[in-house]
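Structure record follows, encoded as structure tokens.
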Amino acid sequence: MSTRRGFIKCMVGLGASLLPCNGWSDLLMHNSQPAQASFKNLVPKKPPALNFNQDITTTYLKRTAMDDILALSQQEFEGRRAGSLGEEKAAAYLVDQMRGLGLDPLGDTIENQQRNYSHAFTIYPVLEEFSYGRLTFLQGDPSSLRTPSANMIGGLLGTNTDESVILSAHYDHLGIFQGKLYSGANDNASGVGCILDVMRRLLREGLKPKRNVVLAFWSAEEMGFVGSHSFLKDPTIMLSGIQAVFNVDTVGNGPVGEFAFWANNNNRAVQAVQAAVSRNKAKIMLAPNNGHNSDQLYFNLEHIPAVTLMSRDWLYKNHTPEDVPSFVEPQKIALACDILYGAVHELAF
Ligand SMILES: [Zn+2]
């Protein structure tokens, strides 16, 4: 969640495999050549072809949303601040999961028409501010050097590859500030875990969707929806074919059956979520913004049906060091996954 105002040599040993990655920090001095090159080692040399229930590693399929939440909240990821080493490690984690599940890379096109999982962009520096006890970012000096960052995008292709249903969640958070780790277990490792979990469930079923089911992990949401906005300015998926965007942000706290949403109209994505909520005997309300928003915003402004699903009480302990895995309720995560699964199934199959 964000206010409106608004990678280095590493080894990641989570999940199953070790991923070598060269960093994006070398590029900080080359303003005219932003982040694309820094993600080269996150590109699978040969993206695995999707053979339903054959080439998919069961280790990856067996993981749960809570596994992802626990992993991404660890100290090693340093609070996943956009443009940081911690965020690059989180990006490598997401590539590992998407590759392990056999998803097609749907980010930037590089040489020989090969696709990357990453969609590169750059961010301005930010200033930290405490507002009502929450740590937030204000935009810093726009004339300063920009820092590379990237969205991570992959998907399960449908029979009609021109049309897509997007499941999205921002994977960045606030980092480490004044010696305190902001691990962002709820904001928004919870959303990341949920959308990965829905994809794992679809893959376990082994049915080919009619439309592409795309996972989009946005970066720099906490800096003013910079990642999702950059995607809309430089899309890697045909925007006119997007049927719905189901964005998930801070979905794991508060009473289990109580959800809220943000959207600027009663669009197709809102209706699909509301129907799935009612099938699961849960409750959902349109939340007031009060200066807050999430990554559905710029999609709505482009008249693309989009909704953000969140916990009704999302603001509680939000942007504090207390947003840790024990604050996330596994039952609520399971229900959020059921709701999302239902909404995606309605529009993609
Ligand atoms: Zn946030």
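FYI, it's all coordinate maths here, none of it is from the lab. Note that the structure is predicted; figures quoted are calculated from it, not measured. Don't worry about glycine lacking a Cβ; one is built from the backbone with ideal geometry, like all the others, and counts go over all protein chains shown.
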Point to revise | Where Glu205 falls short, out of the listed (1) away from the ligand (no atom under 16 Å from the Cβ); (2) surrounded by 17 or more Cβ atoms within 10 Å (Cβ to Cβ) | key: (2)
Check your understanding: For Ala216, all conditions in the list (1) part of a loop (DSSP other than H, G, I, E, B); (2) under 25 Å from Ala185 (Cβ atoms); (3) touching a strand residue (DSSP E or B) at 6+ places or on another chain (Cβ under 8 Å) hold save one; what is the number of the exception?
Key -> (1)
Check your understanding: How many residues does the range 299-335 contain that are over 28 Å from Phe231 (Cβ atoms), among the polar types (S, T, N, Q) and part of a loop (DSSP other than H, G, I, E, B)?
Key -> 1
Review point. Is it true that some residue in the range 190-197 is over 17 Å from the mean Cα position of the chain (by Cα) and surrounded by 23 or more Cβ atoms within 10 Å (Cβ to Cβ)?
Key: no
Practice item. For the range 84-104, name all the residues that are surrounded by fewer than 24 Cβ atoms within 10 Å (Cβ to Cβ) and in a loop (DSSP other than H, G, I, E, B). Key: Ser84, Leu101, Gly102
Check your understanding: Looking at Arg134, is it within 18 Å of Phe246 (Cβ to Cβ), surrounded by fewer than 24 Cβ atoms within 10 Å (Cβ to Cβ) and more than 14 Å from the chain's Cα centre (by Cα)?
Key -> no
Check your understanding: Which of the residues belonging to the range 313-332 are away from the ligand (no atom under 16 Å from the Cβ) and either crowded, with 24+ Cβ neighbours inside 10 Å or of a type in the set (D, E, K, R) (or both)?
Key -> Glu329, Lys332
Exercise for review: Go through the residues of the range 253-263 one by one and say whether even a single one is over 22 Å from Ala185 (Cβ atoms) and not aromatic (Phe, Trp, Tyr).
Suggested key: yes
Point to revise | Candidates Ser73, Ser131, Ser84 - the one that is of a type in the set (Gly, Ala, Ser), more than 30 Å from Arg211 (Cβ to Cβ) and out of contact with any helix residue (DSSP H, G or I) (no Cβ under 9 Å at 6 or more places or on another chain) | key: Ser131
Review point. Out of all the residues in the range 252-262, is one or more within 21 Å of the chain's Cα centre (by Cα), within 16 Å of the ligand (Cβ to nearest atom), part of a loop (DSSP other than H, G, I, E, B) and polar (S, T, N, Q)?
Key: yes
Point to revise | Residue count for the range 57-83, restricted to those that are over 19 Å from Cys337 (Cβ atoms) and surrounded by 22 or more Cβ atoms within 10 Å (Cβ to Cβ) | key: 6
